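The values are calculated or read from the model by the stated rules, or taken from the named source; none is laboratory data. Because the structure is predicted, anything quoted here is derived from the model rather than measured. Heads up, the Cβs are rebuilt from the backbone with ideal geometry, glycines too, and the neighbour counts pull from every protein chain shown. Just the protein is used for accessible areas: all its heavy atoms, side chains included, with ligands, DNA and RNA removed. Shrake-Rupley method; radii C 1.70, N 1.55, O 1.52, S 1.80 Å.
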Amino acid sequence: MTDLHRASLTQLSAALAAGECSSVELTRLFLGRIQRLDDRLNSFISVCAEQALDEAHAADRRRAAGEAGPLTGIPLAHKDIFCTDGVRTSCGSRMLDNFVAPYDATVVSRLKAAGAVMLGKTNMDEFAMGSSNETSYYGAVRNPWDPARVPGGSSGGSAAAVAARLVPAATGTDTGGSIRQPAALCGLTGLKPTYGRVSRYGMIAFASSLDQGGPLCQSAADAALLLQAMAGFDERDSTSIDHPVPDYSAMLDAPLSGLKIGLPREYFGAGLDPAVGERVDQAVRVYETLGARVREISLPNTTLAVPTYYVVAPAECSSNLSRYDGVRFGYRCEDPEDLMDLYKRSRGEGFGAEVKRRIMVGTYVLSAGYYDAYYLKAQKLRQLISDDFRRAFETVDLIAGPTSPSVAFPLGARLEDPIQMYLSDIYTIAANLAGLPALSLPCGFVDGLPVGLQLIGDYFTEDRLLNAAHRYQQETDWHERVPPGFDESSQAVGEGD
Ligand code: GLN
């Protein structure tokens with residue numbers, strides 16, 4: 001096999017099982033690509049070459065002993081929000097630039113137990129706050145489809161790295177769209193599971209009632225493999241749900257005949273780039289040819305999702321981020337005059353502008369005089385948004401629409417206008433507020449830039465989402481496209497092993 005760098009996780013798993021390559025070979029191949037190509041993208045914050053090769057050797061030994069599973073020996077990267085024992089976890093912030101966790105997040109330990117090899121930690125918006133990956137302390141990430149454009153955020157490092165095939169798949173987190181929106185902008189398949197499906201233990205908290213980890217992959221089949229290892233009850237996360245984990249790969253090929261798909265009219269109105277809308281319409285027609293029945297539905301409270309989120313998420317973040325006080329861990333200012341000076345300067349110097357904006361908004365909406373007017377009101381609206389979905393799922397099985405209102409935008413284009421940036425997530429945020437699973441998959445291009453189709457399902461229907469995405473991917477090849485400039489054969493550049 002000469003094109004291992006562009007092979008899917010599923011294909012790599014088969015190649016390892018057939019003895020066509022070893023984990024050490026794969027690990028060297030992808031480490032070489034990161035070293036050679038990531039200057040153009042800035043998608044990694046930390047690369048752990050030595051540790052990765054040790055893990056790869058261990059995976060090869062495990063395979064030789066007949067103890068390999070589907071992920072044994074597969075190279076992966078983790079968003080730098082997941083704590084990793086002994087490897088820095090920065091969360092994209094100066095505040096945690098020096099932080100080395102003494103333990104692994106559950107997502108990390110589960111993938112490690114499955115035999116996956118961690119190549120490194122990917123760049124992200126600071127504390128996962130952003131839609132463009134421009135708020136990272138480590139600099140912006142570039143989109144491999146056009147390096148003058150953003151990869152989306154906040155899991156933009158993971159998305160750019162997978163799209164450029166610097167790593168076959170990666171983890172991400174999604175609080176308001178941070179797996180799906182970068183997946184859409186980079187041409188990947190990204191899944192935000194049901195709230196409680198994947199443990200948040202060791203995943204640095206942004207907005208605890210919304211945060212959820214999930215896979216960023218080349219295809220739905222790959223996402224099924226990764227989710228299989230990530231999902232499941234964890235007694236260390238009090239919001240983890242003890243619900244059986246189905247065999248996601250086994251469901252992929254199920255026929256779609258009779259599947260009822262709803263198109264929310266609110267997702268196709270003003271604000272949507274018409275060219276993006278057209279690609280989504282074409283994807284919906286593919287579903288019709290596969291036997292799905294499509295009808296228009298209404299999610300009447302859609303316009304409330306962004307304002308509701310920007311009360312709830314900052315409120316929770318202002319509380320979660322109070323732990324960064326310069327005392328116990330993370331950044332501490334030089335020569336504080338007294339304790340108050342230590343708090344003020346450590347936080348003032350350690351956090352970036354967007355994080356400070358959110359902490360201030362959050363503190364404001366939780367303050368005694370404004371709690372009822374903002375926070376309590378937002379909680380009520382959150383319920384109305386969930387009710388919209390509950391009613392919709394009485395008549396349809398899946399909801400389809402665009403993931404993002406536009407394709408990837410130029411770097412810097414929305415930095416001066418936070419509201420414009422916040423509207424990037426207008427179609428993704430409601431699923432987080434309701435706790436529903438949702439997936440983005442590539443459905444075409446506009447001017448050479450990928451477009452994402454979003455599918456939203458009822459609680460714990462990840463299997464159906466993956467099934468619907470997989471069937472579409474058997475009919476189309478959008479998900480197999482690799483950005484020009486990142487697709488030269490590995491043999492041709494002398495990295496064969
Ligand atoms: N873009 C949204 C925000 O800035 C969502 C981020 C996320 O999902 N982590 O908050």
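Would you mind calculating the relative contact order of the range 200-246 from Cα pairs under 8 angstrom and at least 6 residues apart, reporting the percent as a whole number?
Values: 31 pairs, mean separation 13.6, N = 47.
About 29 percent, as a whole number.
In a shell of Cβ-Cβ distance under 10 Å around VAL407, excluding VAL407 itself, what net charge do Lys and Arg (+1) and Asp and Glu (-1) give?
Numbers: positive: ARG149, ARG279; negative: ASP146, ASP273, ASP447.
So the surrounding residues net to -1.
Express the carbon and sulfur contribution to the solvent-accessible surface of the range 390-497 as a percent, rounded to the nearest whole number, probe 1.4 angstrom.
Numbers: 1810 of 3720 Å².
Here carbon and sulfur together make up 49 percent of the probe-accessible area.
Could you size up the charge dipole of the chain around its Cα centre, putting +1 on the beta carbon of Lys and Arg and -1 on that of Asp and Glu, and report it in debye to the nearest 20? Each step should come with its number before you reach the end.
Values: 46 positive and 61 negative charges, 127 e Å.
About 600 debye.
Using Cα positions and a limit of under 19 Å, work out the lysines in reach of LYS192, with same-chain residues fewer than 8 apart set aside.
LYS79
Below 8 Å, C-alpha to C-alpha, sequence gap of six or more: please give me the relative contact order for the range 26-158 in percent. Before the final figure, lay out each step's value.
Numbers: 285 pairs, mean separation 37.8, N = 133.
RCO, the range 26-158: 28 percent.
Roughly how many Å² is the accessible area per residue of the chain, as a whole number, for a 1.4 Å probe?
Numbers: 17880 Å² over 497 residues.
For the chain, the solvent-accessible area averages 36 Å² per residue.
Counting helices only, and only those DSSP H runs with n ≥ 4, report the 222 nm mean residue ellipticity of the chain as the sum of -39,500 (n - 2.57) divided by its residues, in deg cm²/dmol to the nearest 500. Could you put the intermediate results ahead of the total?
Values: 15 runs with 173 residues, N = 497.
Calculated mean residue ellipticity at 222 nm is -10500 deg cm²/dmol.
Roughly how many percent of the accessible protein surface of the range 179-282 is carbon and sulfur, given a 1.4 Å probe and a whole-percent answer?
Working: 1710 of 3280 Å².
It is 52 percent, rounded to a whole number.
Which values, in whole Å and largest first, are the semi-axes of the equivalent ellipsoid of the range 1-158 obtained as the square root of 5 times each eigenvalue of the Cα gyration tensor?
Numbers: eigenvalues 153, 70, 27 Å².
Ellipsoid half-lengths, sorted descending, are 28, 19, 12 Å.
Quick one: pull the percent of accessible area on the range 312-363 belonging to carbon and sulfur, 1.4 Å probe, ligands and nucleic acids left out. Write down the numbers at each step before the final one.
Working: 1450 of 2680 Å².
Percent of accessible area from carbon and sulfur atoms in the range 312-363: 54.
Quickly rank 405-411, 264-270 as a protection proxy: mean count of other C-beta atoms within 10 Å, highest first.
On the way: 405-411: 19.9, 264-270: 16.3.
Output ranking for 405-411, 264-270: 405-411, 264-270.
Nearest 20 debye, what's the magnitude of the dipole of the range 375-481 about its Cα centre given +1 on Lys and Arg Cβ and -1 on Asp and Glu Cβ? Walk me through the numbers on the way to the answer.
Values: 9 positive and 14 negative charges, 79 e Å.
Charge dipole of the range 375-481: 380 debye, to the nearest 20.
Starting from the Cα of LYS356, draw a straight line to each of the lysines and keep only those under 20 Å, dropping any in the same chain fewer than 8 residues away.
Within reach: LYS344.
Starting from the Kirkwood radius over alpha-carbon pairs of the chain, derive D by Stokes-Einstein at 10 °C in a medium of 1.306 mPa s and give it in µm² s⁻¹.
Working: Rh = 22.4 Å.
In µm²/s, the coefficient rounds to 71.
As I understand it, the dipole of the chain uses +1 on the Cβ of Lys and Arg and -1 on the Cβ of Asp and Glu, about the Cα centre. Which of ALA160, ALA408, ALA18 lies farthest toward its positive end?
ALA408
For the range 135-194, how big is the tail of P(r) above 20 Å, as a whole percent of Cα pairs? Don't skip to the answer; put the middle values down first.
Numbers: 261 of 1770 pairs.
Cα-Cα pairs in the range 135-194 separated by more than 20 Å: 15 percent.
Using DSSP, restrict attention to beta bridges with both residues in the chain and report what percent are antiparallel, rounded to the nearest 5. Write out the running numbers ahead of the final one.
Working: 30 of 43 bridges.
Around 70 percent of the beta bridges assigned by DSSP in the chain are antiparallel ones.
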